[in-house]
Amino acid sequence: MLKVNPVATVDEAPGFRRMFRPGRLTLGVFFPIEAFTGDEPSMRDQERLAQRAQALGYAALWVRDVPLRDPSFGDLGQIHDPWVYLGWIAAHTRTIALATGSIVLPLRHPLHVAKAAASVDQLSGGRLVLGVASGDRPVEFPAFGVDIERRAVLFREYFEVIRSVLEREYPTFTSTAGVLTANADLVPKPFGRLPMLVTGSSGQPLPWIAGHADGWITYPRGIDRQAETVERWRGEVNAARPGAFKPFVQSLYVDLADDPHLPPTPIHLGFRAGQHFLLRFLDSLRVVGVNHVILNFKYGARPASEVLEEIGTEVLPPLAYAQGDKPVGGELEPSDAEVDDDTLARQH
């Protein structure tokens with residue numbers, strides 16, 4: 001029999017615990033774990049790389065929701081349907097969190113999203129973290145018969161429907177999606193209270209996100225600007241729920257150079273640099289309050305398998321040491337992890 005609600009809060013959920021703790025920073029990686037040109041990855045060897053990421057101590061594996069190919073965007077994500085792929089990856093892994101970055105709510109019926117999310121969460125032992133968004137590819141909306149001008153309204157409605165049917169038995173709701181009058185129930189329920197994170201603004205004011213979501217996914221910025229953004233987020237969270245911990249997440253494209261000492265040069269939403277700068281940059285994000293960074297290797301010059309391994313063995317252990325944590329993979333020399341916070345704050 002499937003368990004229903006053995007944990008009551010998101011910070012007890014296994015996936016949330018693997019990814020988030022106050023004052024700590026963890027790393028995740030987007031599928032495909034691959035460097036590629038054009039918009040279509042090969043998707044080769046992803047299962048082995050997912051298992052290797054788990055063994056090295058990465059906190060999460062992330063999938064994207066890209067239902068249609070739009071050549072102007074230049075990236076199909078992992079190609080496969082996110083729910084089917086999450087089920088596949090869940091069967092090949094045991095402990096690493098599984099996250100969506102992000103499910104486009106206005107393009108999907110909220111009952112289907114809720115059932116898929118609860119199913120993955122149950123089958124993976126509570127490892128799902130559900131990132132959701134309002135969508136940013138205009139070509140998709142008319143194809144699904146959705147008015148793009150209503151995406152913010154639909155996002156908010158569907159978010160609340162999903163919360164309701166996942167957390168209550170025989171709930172009632174009336175929304176654009178339909179009407180439920182307590183005469184039916186959605187099953188399965190998730191393993192516990194399913195963490196839901198909002199991406200970007202999704203057409204909502206930040207106070208609404210702080211009050212309703214369990215965390216916020218946003219975009220890379222320079223250290224000073226990100227520090228201001230984190231501070232604004234923490235302020236809104238404290239106003240909505242004093243004392244609550246709601247994590248701050250950002251993405252980052254990384255082209256890791258062979259030369260570990262190479263200084264950074266910009267690429268799309270990230271940088272090319274050696275491992276020493278990457279470690280300093282990540283630790284500076286930790287200092288300003290970022291809790292999780294999702295790495296994307298698409299624009300890398302090296303094979304993603306090499307980059308995954310190098311970050312796992314040369315960056316994750318000293319990052320863990322700097323936080324007072326026990327590293328999961330790789331050898332750790334304390335002298336390699338001594339990082340001056342004032343110096344880090346001036347980087348990038």
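Just to check your reading of the model, which residue among Val113, Val129, Val84, Val120 is touching a Ser or Thr at 6+ places or on another chain (Cβ under 8 Å) and at pLDDT 95 or above?
On the way: Val113 fails: touching a Ser or Thr at 6+ places or on another chain (Cβ under 8 Å); Val84 fails: touching a Ser or Thr at 6+ places or on another chain (Cβ under 8 Å); Val120 fails: touching a Ser or Thr at 6+ places or on another chain (Cβ under 8 Å).
None of the others qualify; the one that does is Val129.
Filtering region 35-57 to residues that are charged (D, E, K, R), in contact with a Gly (Cβ under 9 Å, 6 or more places away or on another chain) and either assigned to a strand (DSSP E or B) or in contact (Cβ under 8 Å) with a residue 40 or more places away in the chain (or both) leaves only Arg52. How do the pairs read when you match residues in region 155-173 that are farther than 14 Å from Asp185 by Cβ with residues anywhere that are in a loop (DSSP other than H, G, I, E, B), using Cβ under 6 Å and keeping only pairs 6 or more apart or on different chains? Within 6 Å, the pairs are Phe155/Ser134; Phe155/Ser202; Phe155/Gly203; Glu157/Thr176.
To keep it simple, each residue is scored yes or no on (1) free of Cβ contacts under 8 Å to residues at least 60 places away in the same chain; (2) on the phi < 0 side of the Ramachandran plot; (3) of a type in the set (Asp, Glu); (4) assigned to a loop (DSSP other than H, G, I, E, B).
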| position | (1), (2), (3), (4) |
| --- | --- |
| Pro22 | no, yes, no, yes |
| Gly28 | no, yes, no, no |
| Ile33 | no, yes, no, yes |
| Gly77 | yes, no, no, yes |
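Selection of region 185-202 for residues being of a type outside the set (Ser, Thr, Tyr) and either at pLDDT below 95 or under 19 Å from the mean Cα position of the chain (by Cα) (or both) yields Pro190, Phe191, Gly192, Arg193, Leu194, Pro195, Met196, Leu197, Val198, Gly200. At least 3 residues being surrounded by fewer than 19 Cβ atoms within 10 Å (Cβ to Cβ) is the threshold, and among the strands (runs of 3 or more DSSP E) wholly inside region 241-320 those reaching it are 265-267. Taking region 162-200 as the range and being more than 23 Å from Ala152 (Cα to Cα) and hydrophobic (A, V, I, L, M, F, W, C) as the test, the residues that pass are Ala182, Ala184, Leu186, Val187, Phe191.
The values are calculated or read from the model by the stated rules, or taken from the named source; none is laboratory data. On a predicted model such as this, the values are computed, not experimentally measured, just so you know. Every residue, glycine among them, receives a Cβ derived from its backbone with ideal geometry; neighbour counts consider all protein chains shown.
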